[in-house]
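Working notes, beginning with the structure itself.
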Amino acid sequence: MRSLLLSLQSEFYKSRKTLAFWAAIVLPLIICGLIAFGFLSNADKIIKMHFPSQVLWMNFSGGALGVMGMLILPFYVIFMAFSVNNIEHKNDTWKSLFAQPLNKFSIYAAKYLYAVILIFICLFLFALFTILSGYLLQALNSGFTFNGYSPVALLSKIYFKMFLSSLGILSLQFIISLIWSDFLKPMGIGFIGIIAGIIVATKGWEYAYFVPYSHPTLALSMTKSKNMDQLFSQEIYSSLIYAVILFVAGYFIVARKSIK
Amino acid sequence: MKDLIIETRGLNYYFGTQKVVDDLSLKVEKGSIYGFLGPNGAGKTTSIKILLNLLKSPADTVFLFGKEINSNRIASLKRLGALVEQPAIYAHLSGEENLYNRCMLLGINRTKAKEMLRLVGLEDAASKKAGKYSLGMKQRLGIALALLSDPELLLLDEPTNGLDPNGIIEIRNLMIELATKHQKTILVSSHLLAEIERIATHVGIINKGKLLFQGTINELHDLSKPMIELELNDIPKGQEFLTTNGYQILNSTEKKIILPFISTEECGRLNTLLIQHGFTVYSIYQIRKDLEHLFLDITKNN
């Protein structure tokens with residue numbers, strides 16, 4: 001346990017000056033900022049439509065959520081998985097990392113956990129900034145009706161679901177980035193995976209949940225329809241099962257990897 | 001026999017079907033500087049990786065500090081520091097941050113990092129990005145990282161690789177100081193014999209995975225047989241004369257004849273004999289095959 005915490009602390013220390021770390025903070029800030037700015041500059045038009053509070057919130061948060069499942073989240077996950085491993089590939093530090101007097105599994109688990117934490121932070125900030133910017137818009141222009149409904153519970157749930165749905169992709173991409181040190185393979189495979197995921201998810205293929213890349217899209221489309229209340233739906237289970245199996249498989253790969 | 005810090009017993013290691021370490025029995029005594037010599041690709045780095053448990057050794061073949069490595073991995077690693085191949089440095093962090101990161105992993109105080117920077121002479125470059133360091137600076141930072149936990153045993157894989165003469169001398173002095181003043185045991189690999197000859201107390205010579213020689217540096221010297229080099233006015237005639245008088249000639253060139261050295265008295269007798277038979281002796285002296293040649297011979301015959 002101590003090994004794990006030390007390794008995790010070191011992961012934060014190592015990457016605190018890298019893009020991967022800052023992207024978790026800057027990405028939600030920029031996207032939420034842009035949407036809020038769009039709402040503010042079109043305030044008159046939007047207010048004229050007289051949306052009920054809840055619909056207004058849905059419209060507002062949908063700006064980020066719409067592209068989230070299909071694009072932002074999968075790409076961010078792919079990038080995170082790449083970047084956590086690339087820091088060791090690039091500097092040729094796998095050897096020295098595994099020659100430390102620390103439990104091998106903790107070193108690996110800390111890396112994985114670090115990626116999970118960053119994805120969590122990123123999604124948490126998306127939810128937080130959406131809510132804050134909504135209330136900020138209300139404060140700037142009292143014509144909005146953001147104050148008539150609290151979206152906290154709903155948005156937390158959606159974003160938490162997004163988080164769970166991304167873990168399958170993370171584990172898969174984590175292994176790919178672990179095996180290959182270059183940028184193109186994880187990105188290429190990830191890109192094809194995302195496209196395939198979008199296709200199977202939107203075409204409503206019965207077994208779409210077998211494709212990890214489809215999970216965020218599926219999770220999101222479910223929330224729009226009947227399964228809104230259900231947190232642990234089919235694709236979330238599938239994502240978690242993928243995550244666990246591939247996480248364990250990744251350990252065996254990393255334990256062999258240090259051979260070279 | 002002193003305590004053995006490193007001991008391998010008939011260690012074999014394969015990459016696929018290729019045998020890269022062949023019946024290796026290393027014995028490294030406490031407080032020694034063990035020069036691990038061999039040409040490129042002889043199995044030095046592989047052996048060091050086995051000692052770090054990066055490559056898994058068969059059970060009961062590798063012992064560090066008297067304990068089997070596979071079952072005492074963490075305890076053993078705690079007591080050693082290593083520099084394998086290129087120094088493992090995060091290029092986007094400064095030299096100081098690289099050391100802080102390692103302090104964190106090892107759970108030791110950060111003040112130790114400053115101390116190490118001073119020791120390897122990187123104080124002025126502490127806040128510079130390690131990626132911008134020169135090769136020599138990187139190597140020194142690598143050594144600082146290896147020394148950070150104040151380990152009893154240091155495994156250094158070609159630590160002077162790519163350094164300029166000044167850097168080589170610095171590292172060499174540092175190693176001698178660590179062994180003599182701080183009683184550390186050092187295993188240092190190299191393909192340069194001259195380098196090892198200057199610092200090592202013990203030598204192991206490896207080629208194609210096999211240990212060809214292991215012993216003290218003096219034992220290695222003793223292996224090289226002394227010879228007499230003789231310069232005469234008439235080499236062909238002298239050669240003929242000596243063979244008829246029962247001398248064994250090892251080698252002769254246009255200017256020199258080389259004979260085995262037996263004793264100084266025998267040298268004098270040879271001189272008198274030659275002069276009495278009308279030869280002019282220009283010079284006669286004892287030579288020793290230098291270690292460089294010895295090394296080549298040892299590794300060639302394998």
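Every read-out reported here was derived from the displayed coordinates using simple, explicitly stated rules and does not represent laboratory data. Computed from a predicted model, the values in this text were never measured in an experiment. All Cβ positions, glycine included, derive from the backbone under ideal geometry; neighbour counts span all protein chains shown.
At 37 °C and 0.692 mPa s, grab the translational diffusion coefficient of region B:225-300 from Stokes-Einstein with a Kirkwood Rh over Cα pairs, rounded to a whole number in µm² per second. Translational diffusion coefficient: 252 µm²/s. Counting neighbouring Cβ atoms within 10 Å and putting the fewest first, the residues B:T244, B:T280 line up as B:T244, B:T280.
Looking at region B:4-222, I'd like the Rg to Rh ratio, where Rg is from alpha-carbon atoms and Rh is Kirkwood's inverse mean 1/r.
That ratio is 0.96, to two decimals.
Pairs exceeding 22 Å between alpha-carbon atoms, taken from A:K95/B:K44; A:K14/B:K128; B:K67/B:K208: B:K67/B:K208.
Taking every residue in A:5-11 and counting other chain Cβ atoms within 10 Å of its Cβ, the average works out to 3.
Across all C-alpha atoms in the protein assembly as shown, the radius of gyration and Dmax reach 34.2, 129 Å.
Residue pairs exceeding 31 angstrom between C-alpha atoms, taken from B:K132/B:K181; B:K56/B:K184; A:K90/A:K161: B:K132/B:K181; A:K90/A:K161. By the beta-carbon count within 10 Å of each Cβ, the least crowded to most crowded order of A:S83, A:S10, fewest first, is A:S83, A:S10. Taking Cα atoms only, the orientation of helix A:152-179 departs from the longest principal axis of chain A by about 30 degrees. Compute the Cα gyration tensor for region B:177-252, then decide on rounded, prolate or oblate, letting a ≥ b ≥ c be the square roots of its eigenvalues: rounded whenever a/c is under 1.5, prolate when a/b is larger than b/c in the other cases, and oblate in all that remain. It is prolate, given that a/c is not under 1.5 and a/b is the larger ratio. The lysine pair count for region B:225-300, using Cα distances under 19 Å and pairs eight or more places apart or on different chains, is 8.
Electrostatic tally near B:E85: other residues with Cβ closer than 10 Å to its Cβ, Lys and Arg +1, Asp and Glu -1, net -1. By other beta-carbon atoms within 10 Å, ranking B:D157, B:D234 with the fewest at the front produces B:D234, B:D157. Think of it as helices only: each DSSP H run of n ≥ 4 in chain B is worth -39500 (n - 2.57), and spread over all residues that comes to -11000 deg cm²/dmol at 222 nm.
Taking the Cα centre of the protein assembly as shown as reference, the dipole from Cβ charges on Lys and Arg (+1) and Asp and Glu (-1) amounts to some 1880 debye. Normalise the Debye intensity by I(0) for region B:1-90, one equal point scatterer per Cα, no solvent, then take log10 at q = 0.13, 0.15, 0.21 Å⁻¹ and round to two decimals. Result of the Debye calculation: -0.43, -0.58, -1.14.
Relative to the first principal axis of the alpha-carbon coordinates of chain A, what is the inclination of helix A:234-257, with its axis defined by its Cα atoms, in degrees from 0 to 90 and to the nearest 10? Once rounded, one gets 30 degrees.
Looking only at other chains, what is the average number of their beta-carbon atoms within 10 angstrom of each beta-carbon in A:136-144?
Values: counts 0, 0, 0, 0, 0, 0, 0, 0, 0.
Going residue by residue through A:136-144 and averaging, the value is 0.
Here is what passes the span test in chain B: the DSSP H helices with alpha carbon length of 15 Å or more along the helix axis and a Kyte-Doolittle mean of -0.5 or above are B:95-106, B:135-147, B:165-181, B:264-276. With distances taken between every two different alpha-carbon atoms, region A:2-257 has a Kirkwood hydrodynamic radius of 19.3 Å.
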